[in-house]
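The values are calculated or read from the model by the stated rules, or taken from the named source; none is laboratory data. Quantities reported herein were computed from a predicted structural model and do not represent experimental measurements. No Cβ is skipped: glycine too gets one built from the backbone with ideal geometry, and neighbour counts run over all protein chains shown.
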Amino acid sequence: MKSNKKVNSSILVLFTGIFIFSVRIISAENFKIIDIPVNIKTEENVARVSIVNNLSKTGEIYRVGDIIIIGDAIYATFSKTCEVIKFNLNGKIESRIGRAGAGPAEFKWICPAKPYKNQVAVLDQKLRKIAIFNQKLELIKEFRLKFGYTDFFVDKQNRFIFISPSDKNYYFEICSEEGKPEKFFGKTKYPQSQKIVDGALEFEDVWVTLYIPDQNGVLAGFSNRYDLLYYKNEKQTLEIRAAKGFFESRVENIMGKNYKMPKDRVLYLARSQNRLYYFYNRSQKTFCDIFDINNFRLIRRLRIFPGCVKITHYKENIFYGLRYDSNQEDDLILVKITL
């Protein structure tokens, strides 16, 4: 009997060992964490930055929301005037549309524009609508949404993927071409997308996204930290993270509550061939971390001088950005960045 017990125990230990080992293999295949070392060499004066145009002298330009390039044109949204403005690559205004209101081609809380098929889609968070324009900024159609989303992108099936409202426990909501909700993915780390850190309320907001069609993948960057999360076929497979405190923040008291507000911030994510470009502002300086898109290994860290507040991808290693000519938010300079 004793020998049988020993045999059974050995089998149990062997089975347990195999089980634990197999779990580790599965975990390694399906999910991995990449920690970015603190002491990464930063290359200076590598990026070529040239001034294209002073946009504040081209017309009434106030408080840019975001910029994108579709074809060979720049489309920018402006929150103060509730407009979408089309520029050529020399920074000259070609067309503009929008004003404050609730009618067709009118907005109350205009959000970033995004490419939709060969058109331009613009989100309004307060009116809960999507407006579709052609590339001449002529209105094609509008449709209403169930929630007041803050951002979106369009997948290869032409579905709208919205940044989920903060009262949901998921980062993303997939909607049909007509804006009807279908399902969520990307479960948040914290209930109600927020947590208490050092006595202050911190939000877990997705700030930038990059859709990778050939992998059906989504990269998400957050307003309050360097970290990137990657979802493939709606399942998280990767987390890229920097050392704690890499992004600085400040505490502000708003209506009797302490909120943790970011001082450093993610700017933009782009892909060109096998490279991932990750732009962010840190210590009032703009940086670009370049990764290998196949294994997400960090290759280079560049400092972009002068710093930018908005960046968009044109083609290959060419980007366009906006920076301020002074401390005034209306003094916008359009620049061309070559990495």
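Just need a number here: residues in the stretch 151-167 that are touching a Leu at 6+ places or on another chain (Cβ under 8 Å) and part of a loop (DSSP other than H, G, I, E, B).
Of the residues in that region, 1 qualify.
With respect to Ser249, determine if the residue is buried (at least 17 other Cβ atoms within 10 Å of the Cβ), touching a His at 6+ places or on another chain (Cβ under 9 Å) and closer than 30 Å to Val49 by Cα. Even if it seems obvious, please write down each step before you answer.
Details: buried (at least 17 other Cβ atoms within 10 Å of the Cβ): yes; touching a His at 6+ places or on another chain (Cβ under 9 Å): no; closer than 30 Å to Val49 by Cα: yes.
Against the criterion (buried (at least 17 other Cβ atoms within 10 Å of the Cβ), touching a His at 6+ places or on another chain (Cβ under 9 Å) and closer than 30 Å to Val49 by Cα), Ser249 does not qualify.
Going through the stretch 161-200 one residue at a time, which ones are among the β-branched types (Val, Ile, Thr) and modelled with pLDDT under 75?
So in the stretch 161-200, the residues among the β-branched types (Val, Ile, Thr) come out as 161, 163, 174, 188, 196-197.
Within the stretch 161-200, Ile196, Val197 qualify.
Out of curiosity, is Glu83 at pLDDT below 95, of a type in the set (Asp, Glu) and under 21 Å from Lys141 (Cα atoms)? Write out each step before concluding.
Values: at pLDDT below 95: yes; of a type in the set (Asp, Glu): yes; under 21 Å from Lys141 (Cα atoms): yes.
The answer is yes for Glu83.
Please go through the stretch 91-105 and give me each residue that is under 18 Å from Ile130 (Cβ atoms) and not in a strand (DSSP E or B), ordered by number.
Answer for the stretch 91-105, where residues must be under 18 Å from Ile130 (Cβ atoms) and not in a strand (DSSP E or B): Gly98, Gly101, Ala102, Gly103, Pro104, Ala105.
Taking the criterion of being closer than 25 Å to Ile85 by Cα and among the hydroxyl-bearing types (Ser, Thr, Tyr), would at least one residue in the stretch 243-260 satisfy it?
Here is the first cut: in the stretch 243-260, the ones closer than 25 Å to Ile85 by Cα are none.
No, that holds for no residue.
Which one is surrounded by the most Cβ atoms within 10 Å (Cβ to Cβ), of the residues in the stretch 117-160 that are at pLDDT 95 or above and among the small types (Gly, Ala, Ser)?
That would be Ala131.
Would the stretch 241-258 turn up any residue that is modelled with pLDDT of 90 or more, aliphatic (A, V, I, L, M), closer than 25 Å to Asn317 by Cα and not in a strand (DSSP E or B)?
Yes, there is a match, as at least one residue in the stretch 241-258 is modelled with pLDDT of 90 or more, aliphatic (A, V, I, L, M), closer than 25 Å to Asn317 by Cα and not in a strand (DSSP E or B).
Please state which of the following conditions Leu334 fails to meet, knowing it meets all the rest: (1) touching a strand residue (DSSP E or B) at 6+ places or on another chain (Cβ under 7 Å); (2) of a type in the set (A, V, I, L, M, F, W, C); (3) surrounded by fewer than 14 Cβ atoms within 10 Å (Cβ to Cβ).
Leu334 satisfies all of (1) touching a strand residue (DSSP E or B) at 6+ places or on another chain (Cβ under 7 Å); (2) of a type in the set (A, V, I, L, M, F, W, C); (3) surrounded by fewer than 14 Cβ atoms within 10 Å (Cβ to Cβ) except (3).
Please determine, by comparing only the residues of the stretch 91-110 that are within 15 Å of Leu123 (Cα to Cα) and of a type in the set (Lys, Arg), which one is surrounded by the most Cβ atoms within 10 Å (Cβ to Cβ).
Lys108
Output the number of the condition that Tyr62 fails; it satisfies all remaining conditions of (1) under 25 Å from the mean Cα position of the chain (by Cα); (2) at pLDDT 90 or above.
Unmet for Tyr62, out of (1) under 25 Å from the mean Cα position of the chain (by Cα); (2) at pLDDT 90 or above: (2).
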